[in-house]
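A short write-up of the structure that comes next.
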Amino acid sequence: MSKPDTPLAIDDLTLFAERVARLPPADAEWVGALLAEVLRARRHETDLLAMQAASEHAASEHAASEHGEHLDDQLAQVALDTAEWLRTLWDVGYMGAGSFRSAPRSAFPSIDLDDVTKSSLFARIRQGKHALPFPPPTRNGRPWHDVLDDAGTTHEVVAEVIRDEDGRSFAAIIEGCAEWQVVEETRENRQFVVQHDGKGPRYRLHLPSAGSAELRREPPALSCPLRQQERGGFHSHSLLWQRDDGSTQVVALRAATWERAVAEAEHWLASHHPEVYGQVRFVRE
């Protein structure tokens, strides 16, 4: 329970909503009405604070617009300092933070300013997106996150299909990346379904008789329900994943909105079932 001068947390209000249902009918009616009024007041307060924060943010953006490049330099320097700190831990075994020394490790990557400014993974994290738990495809040696994120884009690519001694297609080299696997040859010597390293979305690769090849992400072939529940004015979401044995696994998602629930469900798939990541369409139960 919070102190008198401290606002109640959302979890406390949700708990109260559950307890109201267990009160006698005569008490539940007026207590429920009072709690509903408290929730409305809390939402109104949240809206006012959001408006105030937006106003202050706009003012701070205007004041900082002349120093935008300097701010980016500061962020890059923080990343460089952090990388140096971690490199020291691996190479020397010294944290410099009052921690005990540990055995030095090796092969920690060398990171410089170009790595920070050109890293697509760093940019992805700064955009608020989850880092993938597996390496993405590469394009000319650099991570190619766009091919994973842009579901409706057709990419012009340089591609070559590799065949075995019996003439069966089994792999492809796309934009210099040799980790693509051929799942199916749908049209002889012309169209293939491919997947990168057995993980992530599947794509249709079209090899014309002349000109650039085309790579386009396949639409999801599987569907999975997301369950939304409302309790005390708050929404929660869970993923209902069907296991191979026919049982259903219920996965709680840290999300209050449908869009966030889909993002969390996709991240769970990428972490636990990367072979079908990007191939599942989420539907409301």
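The values are calculated or read from the model by the stated rules, or taken from the named source; none is laboratory data. It should be emphasised that the depicted structure is a prediction, and the values quoted were computed from it without experimental measurement. Heads up, the Cβs are rebuilt from the backbone with ideal geometry, glycines too, and the neighbour counts pull from every protein chain shown.
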- Of the residues in segment 183-208, those that are under 26 Å from the mean Cα position of the chain (by Cα) and either β-branched (Val, Ile, Thr) or assigned to a strand (DSSP E or B) (or both) number 12
- Message: If I filter segment 170-189 for residues that are surrounded by 13 or more Cβ atoms within 10 Å (Cβ to Cβ), among the basic types (Lys, Arg) and not assigned by TED's automatic domain parsing to the domain that holds residue 19, do I get at least one hit?
- Response: no
- Message: Could you tell me how many of the residues in segment 143-169 are of a type in the set (Gly, Ala, Ser) and farther than 15 Å from residue 195 by Cα?
- Response: 2
- Scanning segment 139-157 residue by residue, those among the β-branched types (Val, Ile, Thr) and either assigned to a strand (DSSP E or B) or under 20 Å from residue 181 (Cβ atoms) (or both) turn out to be 147, 154, 157
- Message: Condition check: more than 30 Å from residue 21 (Cβ to Cβ), in contact (Cβ under 8 Å) with a residue 40 or more places away in the chain and in contact with a strand residue (DSSP E or B) (Cβ under 8 Å, 6 or more places away or on another chain). Does residue 190 satisfy that?
- Response: no
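In segment 209-224, which residue that is within 24 Å of the chain's Cα centre (by Cα), surrounded by fewer than 16 Cβ atoms within 10 Å (Cβ to Cβ) and not aliphatic (A, V, I, L, M) is nearest to residue 184 (Cα to Cα)? Walk me through it before giving the result.
Just the residues of segment 209-224 that are within 24 Å of the chain's Cα centre (by Cα), to begin with: 215-224.
Those still in the list that are surrounded by fewer than 16 Cβ atoms within 10 Å (Cβ to Cβ) too: 219, 221-223.
After this cut, where a residue has to be not aliphatic (A, V, I, L, M) as well, the list is 219, 223.
Details: 219: 15, 223: 21 Å.
Step by step, filter segment 209-224, then rank; the result is 219.
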- Query: Just to be sure, is residue 254 of a type outside the set (S, T, N, Q), exposed (fewer than 13 other Cβ atoms within 10 Å of the Cβ), outside the structural domain of residue 203 (by TED's automatic domain parsing) and under 15 Å from the mean Cα position of the chain (by Cα)?
  - Reply: yes
- Among the residues of segment 158-179, write down those that are in contact with a Lys or Arg (Cβ under 8 Å, 6 or more places away or on another chain) and in a strand (DSSP E or B). 169, 170, 177
